[in-house]
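Some notes on the structure that comes next.
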Amino acid sequence: MKYVNEFRDAALARAVAAEIAALARAGRRYKIMEICGGHTHTIYRHGIKDLLPAPVELVHGPGCPVCVLPMGRVDEGIAIAERPEVIFTCFGDMMRVPGSKGTLLEVKARGADIRMVYSPLDALRLARENPEREVVFYAIGFETTAPSTALTLMRARKEGLTNFSVFSNHVTIVPPVRALLDSPELRLDAFIGPGHVSTVIGCRPYSFITQDYGKPVVVAGFEPLDLLQSILMLMRQLAEGRCEVENQYTRSVPWEGNLQALKCMAEVFELRPYFEWRGLGFIAQSALKLSAAYADFDAEVRFGSPGLRVADPKACQCGEVLKGVLKPWECKVFGTACTPEHPLGALMVSSEGACAAYFNFGRRAMERENVIPLQVETVSGAGS
Amino acid sequence: MCLAIPGRIVEIVDADLQLAKAEISGVRRNVNIGLLDEGEGAVQIGDWVLIHVGFAMSKIDEAEAQRTLQALEEIGAAYQQELEELHGSRIE
């Protein structure tokens, strides 16, 4: 079965871009931040930047959970992984994130029992199958992923598993956005809200951006035209002097979010007083730890993690890129000492990191290669 | 792990354990439906859902599923890695 892909229609994309251009006031610049790493990927992949008029600038946000993890948390995971009784489990994305003494992949090569899993429920199965071993799941992710960890822990408790624990690095999206808004280095005009995170938390949590800071927000989908339409909605708000949270991604995001998921998170997690973010420093109430009811499953308690703080390598400017102060290519080591094959910083590791996305697609975009052009699909007479 | 892949629910494996079988890019794997099994919008056999780290996280329609699959295929390496990890998944 074939579908008319109206989200790739080049003529429509140009029409939307022209409307955006018509709304841009002469002499004014518009800085719009896309919070989510998935959006950053789409922007580079499809050359969205080239379609926008010069006054509209996209600034990449902190919405990539691998990229914002500070080195100390990687080192603490490695310290647990090196224990002989432990089977250490994590998502594939984590394996190449550099800590101060190497990556999980390197520790695995030295003999540690580290296993990539697709789901926290796969880690739970390993705990069931290996009752004599300690199975630790290294949890990362925003509100998109935290409910999955929560349901996994609820199941572990129901089964009475005593050899399973979670090292939680779950973070929440609202506090870093507030930190960026408070930062004098960065003056933003509007925000493209994240898609998948919003399927869980809904649209209401972004209202502080409109109410306290007077900046419009549009929650967006992941297709090129989703992003263009969202930028148009933001430009209309700015032109009309409106300031609202709007939802462009109604196909997947209910206004209220997923109440079942929020309930599970509230049962299993509580907010940490503060948490360190790579490049952004310590941010109050920005991360989730296991609640008192689930303390028995908390790897930090079980293995006595000391709360390491490790500075980034001196040459690494991930922090500035994460804050949107530097563009990826303005970093001193971009593409030279730091590449996707040998990343110095986390932004080059994840495919959703701004540096990796720019390295893979952005530079080539200038050569007009490898970027997927927007085109009309010819379907049942709907072609052009 | 940041990806969400469309899949179609083909069987409710164990309602108490919130497990369903989903067909995802040609393979069938167990997924957890515990985030979408309450109320009027509860998932049913035949529904398309976005699956993230083994959990159905939102219901979508078929057109949206096809669009998302097309976009994922274009991502390339990251999607292939996600599929490989999914192939190795045995949620019980």
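Rule-based calculations on the coordinates, nothing more; no lab input. Model, not experiment: these values are computed from the prediction. When we count neighbours, we look across all protein chains shown, and the Cβ atoms used for this are built from the backbone with ideal geometry, even at glycine.
Taking the mean number of other Cβ atoms within 10 Å as a proxy for protection, how do you rank A:97-105, A:194-202 from highest to lowest?
Details: A:97-105: 18.3, A:194-202: 26.1.
For the peptides A:97-105, A:194-202, the packing ranking is A:194-202, A:97-105.
What percent do you get for the relative contact order of segment A:42-119 when only Cα pairs under 8 Å and 6+ apart count? Present the calculation step by step, with values, prior to reporting the outcome.
On the way: 70 pairs, mean separation 21.1, N = 78.
So the answer I get is 27 percent.
Toward the positive end of the charge dipole of the protein assembly as shown, about the Cα centre and with charges on Cβ (Lys, Arg +1; Asp, Glu -1), which of A:ILE173, A:GLY345, B:ALA56 goes farthest?
A:GLY345
Pull up the DSSP beta bridges for the protein assembly as shown and report the antiparallel fraction as a percent, rounded to 5. Working shown, then result.
Details: 29 of 61 bridges.
Taking every DSSP beta bridge within the protein assembly as shown, about 50 percent pair in antiparallel fashion.
Taking a ≥ b ≥ c as the square roots of the eigenvalues of the Cα gyration tensor of chain A, is the shape rounded (a/c under 1.5), prolate (a/b larger than b/c) or oblate?
Details: a/c = 1.77, a/b = 1.62, b/c = 1.09.
Prolate, since a/c reaches 1.5 and a/b exceeds b/c.
Return the distance in nm (one decimal) between the two label points of a simple spin-label model at A:ARG28 and A:ALA239, each offset 7 Å from Cα along Cα→Cβ.
1.1 nm
Compute, for the protein assembly as shown, the length of the dipole vector about the Cα centre, with Cβ point charges of +1 (Lys, Arg) and -1 (Asp, Glu) only. Units Debye, rounded to 20.
On the way: 49 positive and 60 negative charges, 233 e Å.
Dipole magnitude for the protein assembly as shown comes out near 1120 debye.
Using 7 Å Cα-to-Cβ label points, what is the B:LEU17/A:TRP255 separation (nm, one decimal)?
According to this spin-label approximation, the distance is 3.9 nm.
What angle do you read, to the nearest 10 degrees and between 0 and 90, between the alpha-carbon axis of helix B:77-87 and the longest principal axis of chain B?
40 degrees
If you take the beta carbon distance between A:ALA295 and B:ASP61 as r and set R0 to 45 Å, what does 1/(1 + (r/R0)^6) give as a FRET efficiency, to the nearest 0.05? If you can, show how the numbers build up before the last one.
Details: r = 42 Å, r/R0 = 0.93.
Here the calculated transfer efficiency is 0.60.
Calculate the spin-label point distance for A:LYS108 paired with A:GLU159, positioning each point 7 Å from the Cα along the beta-carbon direction, and give it in nanometres.
Calculated label separation equals 2.1 nm.
For segment A:62-138 and segment A:245-268, what is the centre-to-centre distance using only Cα atoms, to the nearest Å?
29 Å
Is there a simple number for the mean count of other chain Cβ atoms within 10 Å of the Cβ of residues in A:121-133, and what is it?
Details: counts 11, 8, 0, 2, 4, 1, 0, 1, 2, 0, 0, 0, 0.
Per residue, the average neighbour count from other chains is 2.
Based on DSSP H runs of at least 4 residues, each adding -39500 (n - 2.57), what is the mean residue ellipticity at 222 nm of chain B after dividing by all its residues, to the nearest 500 deg cm²/dmol?
On the way: 2 runs with 25 residues, N = 92.
It lands at -8500 deg cm²/dmol.
Among A:ILE35, A:LEU12, A:LEU51, pick out the residue whose Cα is farthest towards the positive end of the charge dipole of segment A:1-71, where Lys and Arg carry +1 and Asp and Glu carry -1 on C-beta, about the Cα centre.
Highest projection toward the positive end goes to A:LEU51.
I need to check one value: relative contact order of segment B:10-92, counting alpha carbon pairs closer than 8 Å and at least 6 residues apart, in percent. List each step's numbers first, then the result.
Working: 102 pairs, mean separation 19.5, N = 83.
After rounding, I find 23 percent.
Which of the GluC sites (Glu not before Pro) found in segment A:97-196 are loop residues per DSSP with 12 or fewer other Cβ atoms within 10 Å of their Cβ?
Working: sites: A:GLU106, A:GLU129, A:GLU132, A:GLU134, A:GLU143, A:GLU159, A:GLU185; in loops: A:GLU132, A:GLU143, A:GLU185.
Answer in residue order: A:GLU132, A:GLU185.
How do A:MET95, B:MET57, A:MET348 rank when sorted from fewest to most other Cβ atoms within 10 Å of their own Cβ? Don't jump to the answer; show the numbers that get you there.
Values: A:MET95 16, B:MET57 25, A:MET348 30.
Going from sparsest to densest Cβ surroundings: A:MET95, B:MET57, A:MET348.
Only helical DSSP H runs with n ≥ 4 go in: add -39500 (n - 2.57) per run for chain A, normalise by residue count and round the 222 nm mean residue ellipticity to 500 deg cm²/dmol. Mind dumping the intermediate values first?
On the way: 16 runs with 132 residues, N = 384.
Roughly -9500 deg cm²/dmol at 222 nm, from the helical runs in chain A.
First measure r as the distance between the Cβ atoms of A:ARG83 and B:GLU38, then evaluate 1/(1 + (r/R0)^6) with R0 = 41 Å and state the FRET efficiency to the nearest 0.05.
Details: r = 39 Å, r/R0 = 0.96.
Between A:ARG83 and B:GLU38 the formula returns 0.55.
Which value, in debye to the nearest 20, describes the size of the charge dipole of segment A:1-95 about its Cα centre when Lys and Arg Cβ atoms bear +1, Asp and Glu Cβ atoms bear -1, and nothing else is charged? Mind showing how you got there, number by number?
On the way: 11 positive and 11 negative charges, 122 e Å.
Computed about the Cα centre, the dipole is about 580 debye.
Let me make sure I get this right: for chain B, a, b and c are the square roots of the gyration tensor eigenvalues over alpha carbons, sorted descending. Under 1.5 in a/c it's rounded, otherwise prolate if a/b > b/c, else oblate. Which is it?
oblate
Kindly point out which whole DSSP H helices in chain A project their C-alpha atoms 18 angstrom or further along the helix axis while averaging a Kyte-Doolittle hydropathy of -1.0 or above.
Within chain A the helices that satisfy the rule are A:10-23, A:146-159, A:224-240.
Give, rounded to the nearest 20 debye, the magnitude of the charge dipole that segment A:255-318 has about its Cα centre when Lys and Arg contribute +1 at Cβ and Asp and Glu contribute -1 at Cβ. List each step's numbers first, then the result.
Values: 7 positive and 8 negative charges, 55 e Å.
Charge dipole, segment A:255-318, about its Cα centre: 260 debye, nearest 20.
Averaged across the residues of B:28-39, what count of C-beta atoms belonging to other chains lies within 10 Å of each residue's C-beta?
Average per residue, whole number: 4.
Students often check this: by mean Cβ neighbours within 10 Å, which of B:75-85, A:116-126, B:58-68, A:318-328 ranks highest, and how do the rest follow? Don't skip to the answer; put the middle values down first.
Working: B:75-85: 16.6, A:116-126: 23.8, B:58-68: 18.8, A:318-328: 21.2.
The peptides rank, most packed first, as A:116-126, A:318-328, B:58-68, B:75-85.
Please work out whether segment A:67-186 counts as rounded, prolate or oblate from its C-alpha gyration tensor, where a ≥ b ≥ c are the square roots of the eigenvalues and a/c under 1.5 means rounded, while otherwise a/b larger than b/c means prolate and anything else oblate?
Values: a/c = 2.77, a/b = 1.40, b/c = 1.98.
The shape class here is oblate.
How many partner chain Cβ atoms sit within 10 Å of a residue's Cβ in peptide A:250-258, on average, as a whole number? All intermediate terms of the calculation are to be shown ahead of the outcome.
On the way: counts 0, 7, 9, 1, 3, 0, 0, 1, 5.
For this peptide, the per-residue mean of nearby foreign Cβ atoms is 3.
Sequence-distant or interchain residues sharing an amide H contact under 5 Å with A:SER100, placed H: which?
Answer set, sorted by chain and number: A:ASP75.
Rounded to the nearest 10 degrees, what's the angle between the helix B:62-75 long axis and the longest principal axis of chain B, both from Cα atoms, 0 to 90?
40 degrees
Please report the relative contact order for chain A, taking Cα pairs under 8 Å with a sequence separation of at least 6, and give it as a percent rounded to a whole number.
Values: 735 pairs, mean separation 93.5, N = 384.
Here the relative contact order equals 24 percent.
Apply the Karplus curve 6.51 cos²θ - 1.76 cosθ + 1.60, θ = phi - 60°, to the phi angles in segment A:51-63 and return the couplings in whole Hz, x for Gly and Pro.
With the stated coefficients, segment A:51-63 comes to 7, 7, x, 3, x, 9, 10, 9, 10, 7, x, x, x Hz.
Efficiency by 1/(1 + (r/R0)^6): what FRET value for A:PHE282 and A:TYR213, r their Cβ-Cβ distance, R0 = 22 Å, to the nearest 0.05? Walk me through the numbers before you get to the answer.
Numbers: r = 21 Å, r/R0 = 0.96.
Using R0 = 22 Å, I get an efficiency of 0.55.
Tell me, A:GLU19, A:GLU240 in order of fewest to most beta-carbon neighbours within 10 Å?
Numbers: A:GLU19 15, A:GLU240 10.
Lowest to highest Cβ neighbour count: A:GLU240, A:GLU19.
Under 17 Å from a point placed 7 Å out from the Cα of A:ASN130 along the Cα-to-Cβ direction: which residues of segment B:68-92 have their backbone N that close?
Taking a point 7 Å out along Cα→Cβ of A:ASN130, the residues of segment B:68-92 whose backbone N falls under 17 Å are B:88-92.
Need the C-alpha centroid separation for segment B:14-92 versus segment A:292-323, integer Å.
Between the Cα centre of segment B:14-92 and that of segment A:292-323, the gap is 30 Å.
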